[in-house]
Every structure is written in C-alpha cells, then in structure tokens.
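Read-outs: derived from the displayed coordinates by stated rules, not from any lab. A quick note: this is a predicted structure, and the numbers were derived from the prediction, not measured. Positions of Cβ are generated from backbone atoms using ideal geometry, with glycine treated the same way; all protein chains shown enter the neighbour counts.
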Amino acid sequence: MDLPRPTRADGRETIERLLEFAERELNEVGSVKFRVGRVLENAGVSKSSAYHHFGNRDGLIAAVEMRTVSKQIELNNSVIREFIQAAPSTQSASEFLKLLVQTSSNVAGIEARKRRAATLVSAQNSPALAKIIGETQREGAEYLASTLQIAVDRGWMNPAVSLLGIA
C-alpha cells in the first residue's frame, strides 16, 4: 500500500511551524546562540525538511527576520493609510507625518532598520529569500505610494518627485 505523498499544504504547515519555533528561539537567545537543533526538536520537524525549505541556519534566521520585517511594513502602511483616510485637515495630517518621522528616529525605529539591514545581508546567500525581500519591499512601497496619492488628492501635499520614489 502506497502512503499518500505530502502536499503543498503540508509544506506550508512545516514552514510555518519552523518559523514559529525559530522566532521563539531568536527572541529567547538571539542569533549568536540560535540553535537549529533546538528549533527542530521543539517544532517536531526533521532536519532534512528544515534544510529543504531554508537551506541552512542563516536561511532560517533570515526567513524569520523577513517575516518580522514584513509584518512591520504591513502594520506601518495600514496605520498610515487609516490616518490619511480619516484625517480631518491638512494640519492634522502634517502633525501625523511629523510624528512618523520622529518615531522612525527613536530606538525602536533604529532597531527595526538594523534588523532589516541584517535580513538583507543574510539574503545575499539565498536567491529565494532575496526574491521574497524584493517583492515585499516593492509591494510595501506601492501601497505607501497609493496612500500618499490620497494625501495628494486631498491637497495635503504636492511632491516634486514621484510618490513611488518617496515611498
């Protein structure tokens, strides 16, 4: 009797499980003390499966970091969009944008940029991860540019350069 072959859904579940436990490991011990063996044991996933999906330890760490970066980009973009759509005036929109700039220069903003830079460096050894990072950055920039277009349409800004360039 032949056993059923694993499906793509099984692979996605394995990837998500690995990412979940790898994220826990990173948060608990950091990247220097990160151990794939501990992640595999906790996730109940085989070593061959992990290396099939992520290539190596650095690929797994980079994938976790990319997921974190992606979530942050999505959250930031949705907050900006909600505010721009609901802002009652140019003044309140300007104050909000000023607050965003100030926030991006605080400790959390600096740490987020360091994390993004580390992810980009790690991705150099993984063409698949580099592709995902590029797509994520492009999608995030396009979404932010469309949000900025709302501000332009409301007469709140008149940029001299393309909105996609700003985003």
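Would you tally the net charge around LEU19, using a Cβ to Cβ cut-off of less than 12 Å, leaving LEU19 out, and scoring K and R as +1, D and E as -1?
Its environment carries a net charge of -1.
The mean sequence separation of alpha-carbon pairs under 8 Å and at least six residues apart, normalised by the residue count of the range 5-111, gives a relative contact order of 20 percent.
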